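Trainee: Let me begin by handing over the structure; questions about it come next.
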There are 2 protein chains.
Amino acid sequence: MIIDKLYELVAGKGHVCIGLDTFAEYLPQDFSRDFDTLDDAIFGFNKKIIDATFDIVACYKVQIAFYEARGLKGLSAYSRTLKYLKSIGAFVIADIKRGDIASTAQMYAKAHFEGDFESDMITLNPYMGMDSLTPYLPYVREKEKGVFVLVKTSNPGSRDIQLLTRDNGEDVYETVAKNVVKMGKEFHGKFGYSSIGAVVGCTHLDEAVSIRKQMENIFFLIPGYGAQGGTAADIKPLFSDQNGGVVNSSRAILLAYKNPLFAGIPFDLAARKEAMRMKGEIADHLNEPLYSEKQLIKN
Amino acid sequence: MIIDKLYELVAGKGHVCIGLDTFAEYLPQDFSRDFDTLDDAIFGFNKKIIDATFDIVACYKVQIAFYEARGLKGLSAYSRTLKYLKSIGAFVIADIKRGDIASTAQMYAKAHFEGDFESDMITLNPYMGMDSLTPYLPYVREKEKGVFVLVKTSNPGSRDIQLLTRDNGEDVYETVAKNVVKMGKEFHGKFGYSSIGAVVGCTHLDEAVSIRKQMENIFFLIPGYGAQGGTAADIKPLFSDQNGGVVNSSRAILLAYKNPLFAGIPFDLAARKEAMRMKGEIADHLNEPLYSEKQLIKN
């Protein structure tokens, strides 16, 4: 089960997932100048960030939209980023949030678990129902792949569908959570977590406690940290025994070189320092600090 | 408003939307042989289908998953298909079903309303809430673009979220429908329909009657016809005054050349005949037949 690999990465390297949502304007100008095209520069930027952080983070999440927005050349930079991550043995989550009828879902599974856009795990949207998720399962069963299903996000719009209360008293996202738990049962790995994971945003403390209780074998991909407002305290209840989730941060890491805290430091090293700071902050909150924050800043 | 163009196309050419979900295995072998690559053949196949049907259908829906499954080269065939459709003035719906937080949605809007993957309208998934849809609106307001939001699909899985009943007695999809109607108000065109449309699958008669009543200014993209089991009778209540929707058919048209009814006819002409047959069938059911079915088969 692929999730065992992610569990071990978290145990060994901490909870940080670096979001490579690489917007062209994030690149330092003097860096881009050395490349023939902006898409080459974007890949070059990603490569430097990866090289500077690979030993200290659990995984990378690549948001395809930022590359798709640049058309075919952007998607080539996306593909090169995924291939580079694979070549060095990094764990890659493709943030694609696909959701479609079965025959189309089969195509998306092929697109993102094989070939140019191959990744380890992908994010999926459940609005069309569980039969829009099952076409990905043969890859989970046989090809060491996994998925994270959107359950509860932390944007204000999450109230529009996810937080609607059903006639049985349950919120819609809780029903989705139950379906994910059920679907995940077949795919539990040796550490008790399923290769069918869930996207659960940084959220209110009490909600987080309830979500972890309802989804005890489910590994969480947790967005919304840092730039989107979530803190280490918010997400603490989503973990159990220091594991069971990765926390994504994108802008705060990619743009760390603009952070006064890291002034004058090259962007890749600044990214490393911010990833280390975040890793320490989360570890501190999970009660067994790996490093003190002071040591981190010095690194 | 872009929706006025689609309304006029339906009024002039009928209700058929051809789904270019072009799977490599759909291509006749003796056709593919003449191309250097399978992706070139896929674009060549699409081009022949488009040329043979452009004068008799309202629009084309291109399902990106079928191209994405073939990686970068597949997406080049997707891009060429969209560009060819644009070059001849055809109306294109990109079936991408995206749904993500605002900053990511902005990227998807750029990706599919500009550049390599530019289309007229796109499909969107509402699970993350209305704030995941609003980033597309500047294009609707200023750039003659539009969207179809997933409301009620016809796959069995639609019961898992869409058909859940709320504590106020409403089904989840009805709440989504209301939100779409509300969001659409700003974008009504001269025929009364909004450039914010909805995806509503072929469904039970009574459900269709209720959906049209709840969404009277909303233009429908209706999948599930033909190969997926929907009939002209099922969808009749989704229209009003012979307009307000397009009906997608993909496999039945792309594979018409394998239909015994069109034996021995080249694939593009067989596609035309099936599109004509379908157009006639829908028109007959909408009470004012444009053509008799007999004439259509002879065409």
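The values are calculated or read from the model by the stated rules, or taken from the named source; none is laboratory data. As the structure is a prediction and not an experimental result, all values here were calculated from the model. Positions of Cβ are backbone-derived with ideal geometry, glycine not excepted, and every protein chain shown enters the neighbour counts. These accessible areas exclude ligands, DNA and RNA; they are computed on the full protein's heavy atoms, side chains included. Shrake-Rupley method; radii C 1.70, N 1.55, O 1.52, S 1.80 Å.
Trainee: Using 5 Å bins from zero, what percent of all Cα-Cα pairs in the range A:2-298 falls into each bin?
Mentor: Cα pair-distance distribution for the range A:2-298, in percent: 1, 6, 12, 17, 19, 17, 14, 9, 4, 2, 0, 0, 0.
Trainee: Between copies, how close do the A:LYS47 label points come, placed 7 Å along Cα→Cβ, listed in nm from shortest?
Mentor: So the distances to the same position in the other copies read 3.5 nm.
Trainee: Over the range B:2-298, what percent of the accessible surface lies on carbon and sulfur atoms, probe 1.4 Å? Spell out each step's value before the answer.
Mentor: Details: 5480 of 10750 Å².
Its accessible area is 51 percent carbon and sulfur atoms.
Trainee: Would you mind listing how long the range A:1-124 runs along its three principal axes, going by Cα atoms, in whole Å with the largest first?
Mentor: 43, 37, 20
Trainee: Take peptide B:89-97, look around each residue's Cβ out to 10 angstrom, count Cβ atoms belonging to other protein chains, and average those counts. Don't skip to the answer; put the middle values down first.
Mentor: Details: counts 0, 0, 0, 0, 0, 0, 2, 3, 11.
Mean shielding count: 2.
Trainee: Still on this model: Place the label 7 angstrom along Cα→C-beta at A:GLN242 and in each other copy, then list the distances from the first to the rest in nm, shortest first.
Mentor: Spelled out, the distances from A:GLN242's label point are 7.3 nm.
Trainee: Heavy-atom accessible area per residue, the range B:68-137, 1.4 Å probe: how many Å²? All intermediate terms of the calculation are to be shown ahead of the outcome.
Mentor: Working: 1680 Å² over 70 residues.
Counting only protein heavy atoms, the per-residue value for the range B:68-137 is 24 Å².
Trainee: Now a separate question. So what's the projected area for the protein assembly as shown, the Cα convex hull averaged over all directions, in nm²? If you can, show how the numbers build up before the last one.
Mentor: Values: hull surface 106.0 nm².
Answer in nm², one decimal: 26.5.
Trainee: Which whole DSSP H helices in chain A pass both tests: a Cα extent of 15 Å or more along the axis and a mean Kyte-Doolittle value no lower than 0.0? Each step should come with its number before you reach the end.
Mentor: Details: long enough: A:2-13 (17 Å, 0.51); A:38-53 (22 Å, 0.22); A:71-87 (24 Å, -0.34); A:102-113 (16 Å, -0.12); A:172-184 (18 Å, 0.25); A:267-285 (27 Å, -0.65).
Answer set is A:2-13, A:38-53, A:172-184.
Trainee: I would also like to ask the following. Any idea what the dipole of the protein assembly as shown comes to, in debye rounded to 20, about its Cα centre with Lys/Arg Cβ at +1 and Asp/Glu Cβ at -1? Write down the numbers at each step before the final one.
Mentor: Values: 70 positive and 76 negative charges, 75 e Å.
Using Cβ point charges on Lys, Arg, Asp and Glu, the protein assembly as shown gives about 360 debye.
Trainee: As a check on your reading of the symmetry: which chain B residue has its Cβ nearest the axis that brings B onto A, and how far is it in Å?
Mentor: So the closest residue, with its distance, comes out as B:TYR127, 2.
Trainee: What is the Cα convex hull volume of the range A:142-267 when expressed per residue in Å³? Working shown, then result.
Mentor: Numbers: hull volume 17.0 nm³, N = 126.
With only Cα atoms used, the range A:142-267 gives 135 Å³ per residue.
Trainee: Taking the Cβ-Cβ separation of A:LYS48 and B:GLU142 as r and a Förster radius of 60 Å, what is the calculated FRET efficiency to the nearest 0.05?
Mentor: Details: r = 37 Å, r/R0 = 0.62.
That pair, A:LYS48 with B:GLU142, gives E of 0.95.
Trainee: Once amide H atoms are placed 1.01 Å from N in the peptide plane, what residues at a sequence separation of 5 or more from B:VAL149, or on another chain, have their amide H within under 5 Å of its amide H?
Mentor: Residues meeting the amide H criterion: B:LEU124, B:GLY197, B:ALA198, B:VAL199.
Trainee: Quote to one decimal, in nm, the extra length available between A:GLU186 and A:ASP241 on full extension: 0.36 nm per residue of separation minus the C-alpha distance between them. Intermediate results must be reported in sequence, preceding the final value.
Mentor: Values: separation 55, 0.36 × 55 = 19.80 nm, distance 2.25 nm.
Answer, rounded to one decimal: 17.5 nm.
Trainee: Mind ordering B:62-70, B:270-278, A:68-76 by average Cβ neighbours within 10 Å, highest first?
Mentor: Working: B:62-70: 26.0, B:270-278: 23.9, A:68-76: 21.8.
Highest to lowest by the protection proxy: B:62-70, B:270-278, A:68-76.
Trainee: As a quick test, which of the pairs A:LYS152/A:LYS273; B:LYS97/B:LYS279; A:LYS152/B:LYS152; B:LYS110/B:LYS190; A:LYS86/A:LYS213; B:LYS47/B:LYS279 have an alpha carbon distance above 24 angstrom in this structure? Don't skip to the answer; put the middle values down first.
Mentor: Details: A:LYS152/A:LYS273 30 Å; B:LYS97/B:LYS279 26 Å; A:LYS152/B:LYS152 21 Å; B:LYS110/B:LYS190 27 Å; A:LYS86/A:LYS213 34 Å; B:LYS47/B:LYS279 20 Å.
Over 24 Å apart, Cα to Cα: A:LYS152/A:LYS273; B:LYS97/B:LYS279; B:LYS110/B:LYS190; A:LYS86/A:LYS213.
Trainee: Over the whole of B:112-123, what's the average partner chain Cβ count within 10 Å per residue? Rounded to a whole number, please.
Mentor: Numbers: counts 3, 0, 2, 7, 7, 5, 1, 0, 0, 0, 0, 1.
Mean shielding count: 2.
Trainee: How much accessible area is lost when chains B and A come together, counting both sides, with a 1.4 Å probe, in Å² rounded to the nearest 100?
Mentor: Rounded to the nearest hundred, the buried surface is 4700 Å².
Trainee: Which whole number gives the average count of other chain Cβ atoms within 10 Å of the Cβ atoms across peptide B:55-64? Numbers along the way, then the final one.
Mentor: Details: counts 0, 0, 0, 0, 0, 0, 0, 0, 5, 7.
Partner-chain Cβ atoms within 10 Å, mean over residues of B:55-64: 1.
Trainee: Taking amide H atoms as placed 1.01 Å from N in the peptide plane, list the residues 5 or more away in sequence, or in a different chain, whose amide H sits under 5 Å from that of A:LYS61.
Mentor: Amide H neighbours of A:LYS61: A:ILE18, A:GLY19, A:LEU20, A:ILE93.
Trainee: Among bridges DSSP assigns within the protein assembly as shown, what percent are antiparallel (round to 5)?
Mentor: Antiparallel bridges: around 10 percent, rounded to the nearest 5.
Trainee: For A:ALA263, which inter-copy label distances result when the label point lies 7 Å beyond Cα on the Cα-to-Cβ vector, reported in nm to one decimal and in ascending order?
Mentor: Counterpart label points of A:ALA263 in the remaining copies fall at 8.3 nm.
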